[in-house]
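Asker: Before I ask anything, let me first share the structure, which is written out below as C-alpha cells.
Each value in this text was obtained by applying a stated rule to the coordinates, not by laboratory testing. Only a predicted model underlies this, so the values are computations on that prediction, with no experimental measurement involved. Here the Cβ is made from the backbone with ideal geometry for all residues, glycine too, and neighbour counts use every protein chain on show.
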Amino acid sequence: MADPMKIRAQLKGDVAEIRVLMGHAMETGQRKDAAGKTIPPHFIQSLTVEVAGKKVVDGQVGTSVSRNPVFGFKVKGAKAGDKVVVSWVDNKGDKRTDEAAVA
Amino acid sequence: MKYRIAFVAMLALVMQPASAQNKQATAKTGAKPPAAAPAEQKDAATLEFEKFRTQMEQEGNPAELFEVKGEEFWKAKRGPKNVSLAESCDLGLGIGVVKGAYVQMPRYFADAGKVMDAERRIVWCMVEKQGFKFNDLAKEPFAKGNYTPEQTSLVTYVAGQSKDMKIAVPLKDPHVKDVYEIGKETVAYRAGPYDFSCNTCHGADGKRIRMQNLPNITTAKGSLTAVLGWPGYRMTGGVMLTPQWRMGDCFRQQRFPQPKYASDTITALLTYMTANANGQMYKGLGIKR
Amino acid sequence: MLSALIATGVLKPTAAYAAEWNKAAFDAHDTASALKGIGAGTPADSKDLILKVPDIAENGAVVPVDVISNIPNTTSISILVDKNPSPLSASFDFANGALPEVSARLKMGQTSMVKAVAKADGKFYTAQKEVKVTVGGCGG
C-alpha cells in the first residue's frame, strides 16, 4: 500500500500554487543493499494533476528524480474549494491517488 | 560530587573497555581536529545551503511523510498488550498529550525513575505499556535503506507537535540538573584513538568539517543550531533520523564504540545541549545533509 | 494492446489517464539521444526560459530545480541532467490553465549542466546552468 501524498494547494489571486510531496523510494536500480545485492529499479514513471475535474499536468518522470519527490505546479483560473487530484503510477504498476482542496 | 561517580560508572557501562582505554594516537589515517575558520563568518556556499534548506523545509519536507506515519502509530493499538500510546503514554504533560511535549524533554519521569529524552521515553512506553521487547526495538533502532523503525516515526510525530514552541527543558528539577551536569562533563571527556571529545569539534565557535559549519554546543546560540532540524530528513540516504541517531553518529566519527541504544549517556548529552538552547524557538522537523 | 483494452471498455480513458512512459527517451544515456527521444532535436537557446538551480548543491541527492517559461504558448517543459546515467529526468505537459512552470527535486551524480527544454508552438527551446555537486547523489 503506497504512502499517502501530502498535497498543498494555495490560492494566490487566481493562481493555485500546488505542491505535492510523494512518498516513494525512487530506486534507480544502481544501488546495492548491505549484502551487496543490487536493489531493483522502483520509481514513479508518470503523474497527473487534475483541478476541478480537468487534467492540468501530465508528467513523466525517471530515475533522476529524488527519493520522496516534491513537485510544484501553478494553475491559473482556480477557485477556492476546487478539488485537486494527484495520481502517480510507478514502474511496477503500483499507484496512488490523493486529493486536496484549493485553500 | 555524586554525579561525578555516576558519570564515570555510566561511561564504563556504555563504552566497551578496550577501545575506550586506548588513549594513544594510533596511526589511523586522516582524522584531524577540524580547522578553525574565522568566528561567525559564513561563506557564500554555506549561506546558499541554508537558503535552500529553508526553502525545502517550507515547500515540502519528506519528514512530513514520517510525521503522518508516526501519528498513525501513536493512535493505533500495537504490541502484545494491544494498547495505543495515545491511551497509555505520558510524555510529561499527561497521558496522551503530545502537543508541546517534545520541547519539555529531556525531563524526569517518576514512573521510570530516570531523566529521559523523547526517543527514550517513547521506547519506554512501547516496552512498558505496549509490551514490546526492548532488545527487539534496539536491534535496528535507526532508519537504514528503505527501513524506518516505528520509534523513529513516533519521535518525528511528537517533535512535529512542538513546532514553533519555546525549548523548555525543566532545569529547575534537581534530577534534570544532575543529568545536565553529567552531560557537561561528557562533552569534555576525551577518549578513543584520537583523544576526541565532543568539545573538540563542538566546543568553540567557527569550526567546520568540509562543507558543514559545526555549532558550538556550549553556547545558547550554538546549542539552538544543534537542536534545530532534528528529527530531520537526511538527504544522504533519504532517511528520517533522530537526535539519538545523531549522537551515535558523532561517536562513530570520533572512532568511539557505538553507544548502547537509549543509554543514560546519550540522554545526558541531549539534556546538556537542549537545555543550553532553552528559551529559544524550536522550529520543528528539518532537512539535514 | 492498450488501445484494444480501451476499445473493449476494460480500461476506461479518464481525464487522468497519463501518456505512456517514453522509455526510449528516459533510457537514453546521453543528452543528445534523450533530446531526440522527446522530439526536441537541437533546441534553440532562449533567455525567456528561466532555470533556477543552486550554484552548489549541498547534496546531489536532492537538488531543487525551478523552471519558468516566459515563451508564449509553452505546452511542455522537460528537465535533463547531462552527466547523469539517464539525463532525462522529467517531462511535463501543461493544459487547461496550468502555467508553464514546474519545480522538482533531482538526483545529480556529479557536477553537471542542468538543462531545461520548453516546447512552444511546436518548436523547442533550451536554457542551461551548471550545478556543482559536493556529495554525489546516486549512492546509498
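Asker: Of the listed pairs A:K83/C:K23; A:K6/B:K69; A:K79/B:K51, which have alpha-carbon separations greater than 21 Å here? Don't skip to the answer; put the middle values down first.
Answerer: On the way: A:K83/C:K23 31 Å; A:K6/B:K69 12 Å; A:K79/B:K51 31 Å.
Exceeds cut-off: A:K83/C:K23; A:K79/B:K51.
Asker: As a footprinting exposure proxy, order B:F134, C:F124, A:F73 by other Cβ within 10 Å, with the fewest listed first. Numbers along the way, then the final one.
Answerer: Working: B:F134 14, C:F124 19, A:F73 25.
Ascending Cβ contact count within 10 Å gives the list B:F134, C:F124, A:F73.
Asker: How many Cβ atoms of partner chains, on average, are near each residue of C:47-60 if near means within 10 Å of its Cβ?
Answerer: 4
Asker: Here's another thing I want to ask about it. As a footprinting exposure proxy, order C:D121, C:D66, C:D30 by other Cβ within 10 Å, with the fewest listed first. Intermediate values should be presented prior to the final figure.
Answerer: Numbers: C:D121 9, C:D66 16, C:D30 12.
Least to most surrounded, the residues fall as C:D121, C:D30, C:D66.
Asker: Taking θ = phi - 60°, what integer Hz values does the Karplus form 6.51 cos²θ - 1.76 cosθ + 1.60 yield along segment C:46-53, in sequence order, with x for Gly and Pro?
Answerer: Values per residue, Gly and Pro as x: 9, 7, 8, 9, 9, 10, 10, 9 Hz.
Asker: Take the Cα gyration tensor of chain B, multiply each eigenvalue by 5, square-root it, and list the three semi-axes largest first, rounded to whole angstrom. The partial results should precede the final answer.
Answerer: Working: eigenvalues 164, 112, 69 Å².
Calculated on Cα positions only, the semi-axes equal 29, 24, 19 Å.
Asker: Please state the relative contact order of segment C:22-133 as a whole percent: Cα pairs under 8 Å, 6+ residues apart?
Answerer: About 33 percent, as a whole number.
Asker: Run through segment B:69-134 and list the GluC sites (Glu not before Pro) located in a DSSP loop whose Cβ has at most 13 other Cβ atoms within 10 Å. Each step should come with its number before you reach the end.
Answerer: Details: sites: B:E71, B:E72, B:E87, B:E119, B:E128; in loops: B:E87.
Counting only loop positions with at most 13 other Cβ atoms within 10 Å, the GluC sites (Glu not before Pro) in segment B:69-134 are B:E87.
Asker: Tell me the relative contact order for chain A as a rounded percent, counting alpha carbon contacts under 8 Å between residues six or more apart. Spell out each step's value before the answer.
Answerer: On the way: 246 pairs, mean separation 34.4, N = 103.
With pairs under 8 Å counted, the relative contact order is 33 percent.
Asker: For segment B:180-210 and segment C:79-140, what is the separation of their Cα centres, given in Å?
Answerer: Centre-to-centre distance over Cα atoms comes out at 42 Å.
Asker: Something else about it: Please compute one quarter of the surface area of the Cα convex hull for the protein assembly as shown and express it in square nanometres. Let's see the in-between values first.
Answerer: Numbers: hull surface 110.7 nm².
Mean shadow area of the hull around the Cα atoms is 27.7 nm².
Asker: Follow-up. Among all the lysines, which ones have a C-alpha under 30 Å from B:K172's C-alpha, if same-chain residues fewer than 8 places away are not counted?
Answerer: Excluding near neighbours in sequence, the set is B:K2, B:K99, B:K114, B:K129, B:K163, B:K184, B:K221, B:K260, B:K283.
Asker: Can you sort A:E27, B:E59, C:E58, B:E50 by how many other beta carbons sit within 10 Å, fewest first? Intermediate values should be presented prior to the final figure.
Answerer: Numbers: A:E27 19, B:E59 16, C:E58 26, B:E50 13.
Final ranking by Cβ density, sparse to dense: B:E50, B:E59, A:E27, C:E58.
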